[in-house]
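Colleague: Here it is: the structure, laid out below.
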Amino acid sequence: MRTPIRMLYDLMDKGPLRALSLLLALLTAGGVMWDPTRFANHAGQLPALQGLVLIWAVCSGVIHGVGFRPQQTRWQALFSPLPAMLVLLIALYRFYL
C-alpha cells in the first residue's frame with residue numbers, strides 16, 4: 001500500500017509543476033540575493049525561523065524542479081514540493097507587493 005506522502009509526491013511529479021517549482025525557487029533566491037534588505041523589510045524583519053523555512057523551501061523547490069526524485073518516503077516528506085511551493089508563493093507575494 002502506498003503512503004499518502006508517496007501519493008502526494010506522485011501527484012506533484014508532473015513537468016509543468018516541476019517547472020513552476022524551479023521558477024518559484026529561483027525567483028525567491030534571486031530576490032534574496034539581489035536585494036536582501038528589501039526582502040527582509042517586506043518579510044517582517046525575517047526572524048531566524050522564517051529564514052530557515054525560506055531556505056528549506058528554496059532547496060525543496062530546486063530539488064523538485066530539476067527532476068531529482070527522492071526514493072525513500074522520509075526524504076519525500078522532508079522535501080515535499082507542495083508546502084515548499086506555498087512558502088515560495090507567500091515569500092514572493094510579500095517581496096514584490
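Colleague: What value, in deg cm²/dmol to 500, does the helix sum -39500 (n - 2.57) over DSSP H runs of n ≥ 4 give at 222 nm once divided by the residues of the chain?
Modeller: Numbers: 6 runs with 76 residues, N = 97.
That calculation yields -24500 deg cm²/dmol at 222 nm.
Colleague: While we're here: Could you tell me the largest-minus-smallest coordinate of the C-alpha atoms of the chain on each of the three principal axes, in descending order and whole angstroms?
Modeller: 47, 25, 18
Colleague: Which percent of the accessible heavy-atom area of the chain goes to carbon and sulfur, probe 1.4 angstrom?
Modeller: 75
Colleague: Considering only Phe39, Phe79, Phe68, give the residue with the highest GNM mean-square fluctuation for the chain, with springs between Cα atoms whenever their separation is below 10 Å.
Modeller: Highest fluctuation among the options: Phe68.
Colleague: Relative contact order for the chain: what percent, with Cα pairs under 8 Å and sequence separation of 6 or more? Don't jump to the answer; show the numbers that get you there.
Modeller: Details: 86 pairs, mean separation 41.2, N = 97.
42 percent.
The values are calculated or read from the model by the stated rules, or taken from the named source; none is laboratory data. Keep in mind it's a predicted model, so treat the numbers as computed, not measured. Surface accessibility is based on the protein's heavy atoms, side chains included, excluding ligands, DNA and RNA. Shrake-Rupley method; radii C 1.70, N 1.55, O 1.52, S 1.80 Å.
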